[in-house]
Amino acid sequence: MKYAFILGRLPALSIAEILAVMEKLKIKYSTEIISQKMLVLDIQEKIDCQEILRTMGGTIKIILVSNIKYQVLNIKKSKLKESQTEERDILSALRDKIKTETKQSNKKLLIGYNIYSADKIEQKELNQFSKLIKKNIIALKKELKKEEINCRIVMPKNYETELSSASIVNNKILEKGIDLNFIITSPCPLPEINSGQALDKEGNIGIMLGKTVAIQDIESYSRRDYERPQREAKIGMMPPKLAQIMLNLAQVEKDQLIMDPFCGTGVILQEALLMGCRVIGSDANEKQVQNTKNNLKWLEENYLSPKMFYQVSKIDAMHLAKKIKSSSLDAIVTETTLGPIYTQAPAPKEIRNNFKKLEKIYLKFLAQAKKILKPDAQLVITIPCYQIKKSKFILMPIVDILKKTGYSIKEPLPEDILGKISPTPEITSRNTLIYSRPNQIVGREILVLKL
Ligand SMILES: C[S@@+](CC[C@H](N)C(=O)[O-])C[C@H]1O[C@@H](n2cnc3c(N)ncnc32)[C@H](O)[C@@H]1O
């Protein structure tokens, strides 16, 4: 079965997360499409998409792509309903799909639809295709009515081609109907021949049809971010989605013991607990220790069964091994102290000084971490990088520190995939990944380290 993973704002991070999860779950797959918008995988076994998506911060939705082979439509003729047999196929496939999905229901059926482009397509052509689909969905509604199937269509807003997650969730489309997805690809989607352009010289595009099988629970993310009792905007709180991505890059598993030794307000610990891990948190600042305890108590009351194991205490990360049992941790996932936060890019000298100060802490922390991690454990950390111009980052010269402490950087994306999605600003010159916002000066570089 083919699954299309619709990627979040930073596609390289999303893809790295998906691949890490597939590897952890030992799911065999072949890659069909890789683009900035989506990753389409052919997976032999059935997967629990809802459960997988619940713990993945970088994927917006998962689409089960129909087995109908790649359909070809001539966009210049703009006639989906007439003459050409392959054009008819799309409509009849759509009709069949809706009917089989709704056979048992006599209630009003909700139909949402979205258009995604896996390969590059001009806005003008996308709009043309979008109009065509809209016209045909409306025609289909009338046709279904004759067969006593009543539908309400939820359309993307003007000038948009996709429904937002909020619209799909709030309208309960997945429960009360079907969220359809038209995926535009090049007419020849074979990865080795695909030119990367959706439209060929004659004006043909390829189309895949699929239904949404899982969608991100945006409300839950928002509650986990904004409703926790203790928030500390000043220290740069981590978004829960990023915490999930980091935990997935560390390939943490249920019941494993995970530590965050710079826990701040405890976002990483929270997400690890929600993944079923046991967690230890620590911070050098007593106030943060208290903040984390309050937040995890709130989590326990609102989200967890009381059996969850967590322990939070005040420890300086430079002396971890005095307090934590040696070789006891399955992974450390943490946002180290990032240094000062800026609203304007600081001078290069100031950046160098900040890096120097942090270097001392990191050196000691990494040496200590080595003692308390199990031999094959992974360590995922964020370190600061400075966005001095739009999408141009200064990275911390950390490779020497790593050599001294015996760690190496694990590249989160394999060569062939890197080649297909580069250049994208979140992939660094050393093939690590960056999480940042367009106007943010201090971004986070994510390092996956192994001993
Ligand atoms: C960037 S914050 C972590 C934010 C956290 N991820 C969150 O979402 O709340 C860094 C934390 O490191 C702590 N810290 C700084 N130096 C430390 C040290 N030497 N040992 C342990 N914690 C330290 C700070 O008190 C702060 O809470």
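Bear in mind that the values in this text are calculations on the coordinates, not laboratory data. Keep in mind it's a predicted model, so treat the numbers as computed, not measured. Virtual Cβ from ideal backbone geometry, glycine too; neighbours counted across all protein chains shown.
Just add up the charged neighbours of Asp255: K/R +1, D/E -1, any other residue whose Cβ is under 15 Å from the Cβ of Asp255.
Spelling it out: positives minus negatives among the neighbours equals +3.
If I take R0 = 51 Å and measure r between the Cβ atoms of Lys134 and Phe309 in this structure, what FRET efficiency does the formula 1/(1 + (r/R0)^6) give, to the nearest 0.05?
0.45
Work through the residues other than Pro414 whose Cβ is under 13 Å from its Cβ and net out their charges, Lys, Arg +1 and Asp, Glu -1.
Taking every Cβ under 13 Å from that of Pro414, the sum is -2.
Please compute the contact order of the chain in relative form: average sequence separation of alpha-carbon pairs under 8 Å and at least six residues apart, divided by the residue count, as a percent.
Relative contact order, the chain: 14 percent.
What are the ³J(HN,Hα) values, in whole Hz, obtained from phi via the Karplus relation 6.51 cos²θ - 1.76 cosθ + 1.60 with θ = phi - 60°, for each residue of region 421-426 in sequence order, with x given for Gly and Pro?
After applying 6.51 cos²θ - 1.76 cosθ + 1.60, I find 9, 6, x, 9, x, 7 Hz.
Of the cross-linked pairs Lys24/Lys254; Lys297/Lys370; Lys37/Lys135; Lys26/Lys254; Lys297/Lys325; Lys325/Lys356, which ones have a Cα-Cα span greater than 21 Å in the structure shown?
Going by Cα-Cα distance, Lys297/Lys370; Lys37/Lys135; Lys297/Lys325; Lys325/Lys356 fall outside the 21 Å limit.
Tell me, in nm to one decimal, what length is gained between Lys297 and Glu143 on full extension, where the rule is 0.36 nm per residue of separation less the Cα-Cα distance?
50.0 nm
Express as a percent, rounded to the nearest 5, the fraction of DSSP beta bridges in the chain (both residues included) that run antiparallel.
60
Only bridges with both residues in region 224-450 count here: give the DSSP antiparallel percent, nearest 5.
Percentage antiparallel, nearest 5: 50.
For Leu269, what is the net charge nearby, where nearby means another residue's Cβ is under 11 Å from its Cβ and Lys, Arg count +1, Asp, Glu -1?
Residues close to Leu269 contribute a combined charge of -1.
Given that compact globular proteins tend to follow 2.2 N^0.38 Å, what is the ratio of the alpha-carbon Rg of the chain to that value?
Expressed relative to 2.2 N^0.38 Å, the Cα Rg reads 1.08.
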